[in-house]
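Okay, so here's the structure we're looking at.
The values are calculated or read from the model by the stated rules, or taken from the named source; none is laboratory data. Every value quoted in this text rests on a predicted model; they were computed, and no experiment measured them. Here the Cβ is made from the backbone with ideal geometry for all residues, glycine too, and neighbour counts use every protein chain on show. Areas reflect the complete protein model, heavy atoms only, side chains present, ligands, DNA and RNA absent. Shrake-Rupley method; radii C 1.70, N 1.55, O 1.52, S 1.80 Å.
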Protein chains: 2
Amino acid sequence: MPRNKSDQNREEKRDEIVTAARSLFIKDGFEATPINRLARAAGVSANTIYWYFKDKDEVLVAVLDGELNARMTEYLKVTFTNHTERLLWVVNQLEEVSLLVSTVHTRLQSSAAINVWHERFHAMTEGLLRAEMQTLGVASEKMDALVKISVFAVEGLLSHDVSGSDKTSICEALATGW
Amino acid sequence: MPRNKSDQNREEKRDEIVTAARSLFIKDGFEATPINRLARAAGVSANTIYWYFKDKDEVLVAVLDGELNARMTEYLKVTFTNHTERLLWVVNQLEEVSLLVSTVHTRLQSSAAINVWHERFHAMTEGLLRAEMQTLGVASEKMDALVKISVFAVEGLLSHDVSGSDKTSICEALATGW
DNA sequence: CATTCTCTTGAATGGCAATCAAGGAGAATT
DNA sequence: AATTCTCCTTGATTGCCATTCAAGAGAATG
């Protein structure tokens, strides 16, 4: 609960900017969205964005947090028949925000904020994946390697434009071994 | 053999620029190397670079071709005791040019020239890898999936800063199955 | 009513890739 | 030898972009 009207407006306004940013970053991409366009879409001037956010990367982090939250909520509601299905679902979700994914990997190097977000994201997803794979009976010595291979494979699928059937067989191979 | 002195100079000058670019792009990164700095390092003015190259990406492609050539020559000379060794060798080579690797994945999206180079690179490496894995007795139905998983895993290793022991166990898992 | 705090904006600033416009230097043609 | 032509080089400019500066307006507070 905000302490006063001023704080309330602050959050609302911030959210409006994030909402506009989410739509533009996902549809056109972060790099293809100058601050000015974002400002116009949010109905403010460019400088107003800098009142609410330190820089463009901080807007991106807010968008990422929002998307992650929404998709994680979704994830917890879905039940999967097997691990292959689960991986394919994740790939599909990430493909809907593939421009965000590649932007994160790009800006990682130059933005500390994005770097931190990325690390947390990996820690979280690797944790979830490890738990799932334990129930599948993956040997603990190979666990770390297999978790990372799975994560890297999913990331590769997102950035390398692979046929649908290859996607399926890759997820199957990850889930069932060779 | 160049047809005249003019052509000869042209190639030499081009090479000087590429040599300077190679060193800067590998050490500092492509994005952190403005055309002006590159020009100074090559002993020419910025515009001269645009006489020899269409744009900055074309310089990058020339650098990539040179590095690829050098490392492929090296690769053909080395003999490996097993597939794990081979994968680790490749990872080590790529780590020496990790800034180039991440730049390629970044500029892929905005530069047609880099995109083409990247596709060729993948076609080549996947071809080599497939041949190796055939000798290891990988089932042909799973071949495409396993090749791509290996490539994606190697790319993941490069961009995600993984401990040395994890690198080894990942390459082992890729080489021996799970 | 003066002061301060929150918010907003138009106008810089500075970095960068890329282009323009103006030559110079040597080879080929007259 | 003079002229033209082609290759090469460069200083100055353009245009895009993120970010900062400087100047306020309006509400809240003393």
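Scanning region A:7-63 for residues being acidic (Asp, Glu), out of contact with any Ser or Thr (no Cβ under 6 Å at 6 or more places or on another chain) and within 12 Å of DNA strand D (Cβ to nearest atom) gives a total of 5.
Filtering region A:60-91 to residues that are outside any helix (DSSP H, G or I) and either on the phi > 0 side of the Ramachandran plot or free of Cβ contacts under 8 Å to residues at least 24 places away in the same chain (or both) leaves A:78, A:79, A:80, A:81. The residues on offer are B:108, B:99, and the sole one that is over 16 Å from residue A:158 (Cα atoms), of a type outside the set (D, E, K, R) and either open to solvent by 30 Å² or more (accessible area, probe 1.4 Å) or free of Cβ contacts under 8 Å to residues at least 24 places away in the same chain (or both) is B:99. Taking region A:96-178 and the helices (runs of 4 or more DSSP H) fully enclosed by it, the elements with 1 or more residues that are modelled with pLDDT of 95 or more, within 11 Å of another protein chain (Cβ to nearest Cβ) and closer than 18 Å to residue B:143 by Cα are at A:140-160, A:164-176.
Residues are listed down the side, and each one gets a yes or a no for (1) open to solvent by 50 Å² or more (accessible area, probe 1.4 Å); (2) within 23 Å of residue B:169 (Cβ to Cβ):
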residue	(1), (2)
B:69	yes, no
B:86	no, yes
B:91	no, yes
B:94	no, yes
B:104	no, no
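All conditions but one from (1) under 23 Å from residue B:172 (Cβ atoms); (2) under 10 Å from the mean Cα position of the chain (by Cα) apply to residue B:80; the one that does not is (2). Residue B:26 meets the conditions (1) within 15 Å of the chain's Cα centre (by Cα); (2) part of a helix (DSSP H, G or I); (3) within 11 Å of DNA strand C (Cβ to nearest atom) in every case but one. The failed one is (3). Of A:11, A:31, all but one fail to be within 16 Å of DNA strand C (Cβ to nearest atom) and within 14 Å of chain B (Cβ to nearest Cβ); the exception is A:31. Selection of region B:35-58 for residues being near DNA strand C (Cβ under 8 Å from one of its atoms), exposed (fewer than 13 other Cβ atoms within 10 Å of the Cβ) and more than 21 Å from the chain's Cα centre (by Cα) yields B:36, B:47.
Is region B:135-149 home to any residue that is within 15 Å of the chain's Cα centre (by Cα) and either buried (at least 18 other Cβ atoms within 10 Å of the Cβ) or not assigned by TED's automatic domain parsing to the domain that holds residue B:60 (or both)? No, every residue in region B:135-149 fails to be within 15 Å of the chain's Cα centre (by Cα) and either buried (at least 18 other Cβ atoms within 10 Å of the Cβ) or not assigned by TED's automatic domain parsing to the domain that holds residue B:60 (or both).
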